[in-house]
Amino acid sequence: MDRKEPRLELTVADGVATLVISNPAKRNAMTTAMWQSLPVLLEELAADSSVRALVLTGAGDTFCAGADISSLRDPSGAPQGLAVAAEEALAAFPRPSIAAVRGYCVGGGSQLAAACDLRFAEEGASFGVTPAKLGIVYAASSTRRLVALTGPATAKHLLFSGELIGTDRALRTGLVDEVLPAGELDKRVEAYVRVLVSRSRLTQSAAKEFAAGREDRDAHWADQARRSGDTAEGVAAFLERRAPRFTWPPRA
């Protein structure tokens with residue numbers, strides 16, 4: 001395979017799936033084929049019970065500069081629809097997800113980062129939501145997600161102007177959760193996902209659904225907690241000063 005071909009690179013190791021957006025010739029812009037492949041990859045990862053967390057990042061020194069502009073010439077609007085479908089698939093991924101951002105995180109890249117549960121960024125990263133530069137109507141679901149992260153005023157600023165903001169403002173407004181010095185991003189993300197892998201998947205799965213507004217699932221998760229034995233194990237491990245051995249979900 002030509003190593004320069006635009007693609008999503010997937011590796012899975014020690015319970016952590018890492019997806020790398022790779023299109024270095026265009027600052028990791030997402031092609032139509034990349035948008036199409038993302039939901040498929042996420043579905044496969046969701047079906048793999050060994051995967052406990054997902055890290056999304058970009059190749060080299062850029063996260064993602066958005067959609068490949070050449071694909072936006074399609075008058076049908078199909079590429080925009082594919083981008084929204086990929087974003088929604090990422091938001092619905094049932095395990096914790098982290099965007100590890102360095103460099104440009106713009107347009108469709110910002111959509112993908114916003115769809116992750118958390119965003120860790122390296123100092124010097126730039127963020128922008130740029131449909132106003134192209135005359136594109138940003139999807140309602142994408143707009144609501146941005147508003148939930150930053151509040152209405154910052155979301156409007158980003159959407160109305162298309163201007164880029166730096167990590168200081170992104171952190172202050174809630175667009176990112178942590179900012180790391182140059183050279184420290186990968187180390188911090190690796191340490192954090194190791195923490196996630198050690199924690200209760202039952203707790204994480206329920207929390208993710210509730211944070212998404214799925215209050216109708218309260219009884220389901222209460223029943224899962226009663227059946228799992230994870231609470232008893234967690235308390236016992238705490239009292240015995242050892243690492244817990246959580247067993248949810250039960251093996252088929």
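The values are calculated or read from the model by the stated rules, or taken from the named source; none is laboratory data. Because the structure is predicted, anything quoted here is derived from the model rather than measured. Backbone-built Cβ (ideal geometry, glycine too); neighbour counts: all protein chains shown.
GLN111 fails exactly one of the following numbered conditions: (1) part of a helix (DSSP H, G or I); (2) under 17 Å from ARG27 (Cα atoms); (3) more than 10 Å from the chain's Cα centre (by Cα). What is the number of that condition?
In the conditions (1) part of a helix (DSSP H, G or I); (2) under 17 Å from ARG27 (Cα atoms); (3) more than 10 Å from the chain's Cα centre (by Cα), GLN111 misses (3) alone.
Taking the condition in a strand (DSSP E or B), of a type in the set (S, T, N, Q), within 25 Å of ALA13 (Cβ to Cβ) and touching a residue at least 12 places away in the same chain (Cβ under 8 Å), does THR57 pass? Full working, then the answer.
Values: in a strand (DSSP E or B): yes; of a type in the set (S, T, N, Q): yes; within 25 Å of ALA13 (Cβ to Cβ): yes; touching a residue at least 12 places away in the same chain (Cβ under 8 Å): yes.
Judged against the criteria, THR57 is a match.
May I ask you to list pairs of residues, at least six apart or on different chains, whose Cβ atoms are under 9 Å apart, with the first in segment 27-43 being in the same structural domain as ALA59 (by TED's automatic domain parsing) and the second being of a type in the set (Lys, Arg) and modelled with pLDDT of 95 or more?
THR31/ARG7; ALA33/ARG7; MET34/ARG7; SER37/ARG7
Can you name the number of the only condition in (1) outside any loop (DSSP other than H, G, I, E, B); (2) surrounded by fewer than 11 Cβ atoms within 10 Å (Cβ to Cβ) that ARG242 fails?
ARG242 satisfies every listed condition except (1).
This table checks each residue for (1) touching a helix residue (DSSP H, G or I) at 6+ places or on another chain (Cβ under 9 Å); (2) within 30 Å of THR62 (Cβ to Cβ); (3) in a helix (DSSP H, G or I).
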| residue | (1), (2), (3) |
| --- | --- |
| HIS157 | yes, yes, yes |
| ASP168 | no, yes, yes |
| VAL189 | no, yes, yes |
| TYR192 | no, yes, yes |
| GLY213 | no, no, no |
| ASP223 | no, no, yes |
| ARG227 | no, no, yes |
| PHE238 | no, no, yes |
| PHE246 | yes, no, no |
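Just give me the residues in segment 10-32 being among the β-branched types (Val, Ile, Thr) and within 18 Å of ARG201 (Cβ to Cβ), in sequence order.
VAL12, VAL16
Quickly run through segment 225-252 and pick out the residues that are among the aliphatic types (A, V, I, L, M) and closer than 22 Å to ALA46 by Cα.
Pass one, segment 225-252, residues among the aliphatic types (A, V, I, L, M): 225, 232, 235-237, 239, 243, 252.
Within segment 225-252, ALA225, ALA252 meet the criteria.
Could you run through segment 46-70 and say how many residues are crowded, with 19+ Cβ neighbours inside 10 Å, of a type outside the set (Phe, Trp, Tyr) and within 16 Å of the chain's Cα centre (by Cα)?
So the count comes out to 11.
State whether one or more residues within segment 167-175 are within 25 Å of PRO94 (Cβ to Cβ) and modelled with pLDDT of 95 or more.
Yes.
Any chance segment 178-185 includes a residue that's outside the structural domain of VAL129 (by TED's automatic domain parsing) and surrounded by 15 or more Cβ atoms within 10 Å (Cβ to Cβ)? Break it down stepwise before answering.
From segment 178-185, those outside the structural domain of VAL129 (by TED's automatic domain parsing) are none; that's our starting set.
No, there is no match, as no residue in segment 178-185 is outside the structural domain of VAL129 (by TED's automatic domain parsing) and surrounded by 15 or more Cβ atoms within 10 Å (Cβ to Cβ).
Does segment 73-85 include one or more residues that are closer than 18 Å to SER126 by Cα and either outside the structural domain of LYS133 (by TED's automatic domain parsing) or out of contact with any helix residue (DSSP H, G or I) (no Cβ under 6 Å at 6 or more places or on another chain) (or both)?
no
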